[in-house]
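For reference, the structure discussed in these notes is given below.
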Amino acid sequence: MVTKETTQRIARTTFVFALVALLIDSGPSLMAQQVPANPKQKETILRLKASIMVDTLNQRARELGLVVATDAEQEEFFRKRLTAQLQEDFVKLGTTNVETVAVQAGSLDYKSLSATTADLKNRATRIKYNVPILMTPAKGEKPRYQDTPDQLQSMLPELNRLIDSFFASPIFRENSANDAALRAKAVRDLDSIIVLSDTISKLAKRMSKAVASSR
């Protein structure tokens, strides 16, 4: 039986995808797609994308039996608040280019880089622990990165690559819930984003202090 909620969700999703298709180039990743240069139009499109992504993940979590219903009013209150936060997290995570942030006026801005990657780490962590289908423990060894200054330049493009890989995951657009391998890959990407952004943040913070003390 098709519920009113499902009908509304399908209608909204259909409208949003139609709008996005008219305004941006198509591609494998929602967040990786190009967006209009107009700031207001760009923000609108990114929020629509994030809304679709969060709705899709929540719907599939229900299909997998990962969400247990509680008191209706309480559930709705927390659902709306969490959904709004997750949408902000997805938008920020999917639109921040750490290489651009790192280089200011032709040189590395360690202070800005540290703050930005710390924020990315917090947002990625919140996504991981608040999206049921991403709570699956990652198999294999946990990602590790050397926190030495000579590694920083290679860490930045790698973090951008991991973010792009995460948002390119088919779990954001496939309807089938039988996708354990795809979810496992997304979880590995997200875990790597969390660890690498934390590593960069701490390294950049140390380097910022070193630069300040040498002046």
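The values are calculated or read from the model by the stated rules, or taken from the named source; none is laboratory data. Note that this is a predicted model, so its numbers are computed, not measured. All Cβ positions, glycine included, derive from the backbone under ideal geometry; neighbour counts span all protein chains shown.
Looking only at residues of segment 126-146 that are among the charged types (D, E, K, R), in contact (Cβ under 8 Å) with a residue 24 or more places away in the chain and more than 15 Å from F90 (Cα to Cα), we find that the one that is surrounded by the fewest Cβ atoms within 10 Å (Cβ to Cβ) is K139.
I'd like to check something: does segment 193-209 contain any residue that is farther than 17 Å from A61 by Cβ and modelled with pLDDT under 85? Can you show your working first?
So the first thing to find is which residues in segment 193-209 are farther than 17 Å from A61 by Cβ, and the list is 193-209.
Going one step further and asking which of them are modelled with pLDDT under 85, we end up with none.
Checking segment 193-209: not a single residue is farther than 17 Å from A61 by Cβ and modelled with pLDDT under 85.
Would a scan of segment 154-165 turn up a residue that is free of Cβ contacts under 8 Å to residues at least 12 places away in the same chain and surrounded by fewer than 19 Cβ atoms within 10 Å (Cβ to Cβ)? Yes, because at least one residue in segment 154-165 is free of Cβ contacts under 8 Å to residues at least 12 places away in the same chain and surrounded by fewer than 19 Cβ atoms within 10 Å (Cβ to Cβ).
Can you name the residue in segment 106-130 that is out of contact with any strand residue (DSSP E or B) (no Cβ under 8 Å at 6 or more places or on another chain) and hydroxyl-bearing (S, T, Y) and, of all such residues, is modelled with the lowest pLDDT?
At the first step, the residues of segment 106-130 found to be out of contact with any strand residue (DSSP E or B) (no Cβ under 8 Å at 6 or more places or on another chain) are 106-108, 110-111, 113-130.
Filter again for hydroxyl-bearing (S, T, Y), leaving 107, 110, 114, 116-117, 125, 129.
Working: S107: 76, Y110: 90, S114: 94, T116: 94, T117: 95, T125: 94, Y129: 88.
Checking each candidate, the answer is S107.
Residues considered: K142, K80. Of these, the only one that is part of a loop (DSSP other than H, G, I, E, B), modelled with pLDDT under 90 and basic (K, R) is K142.
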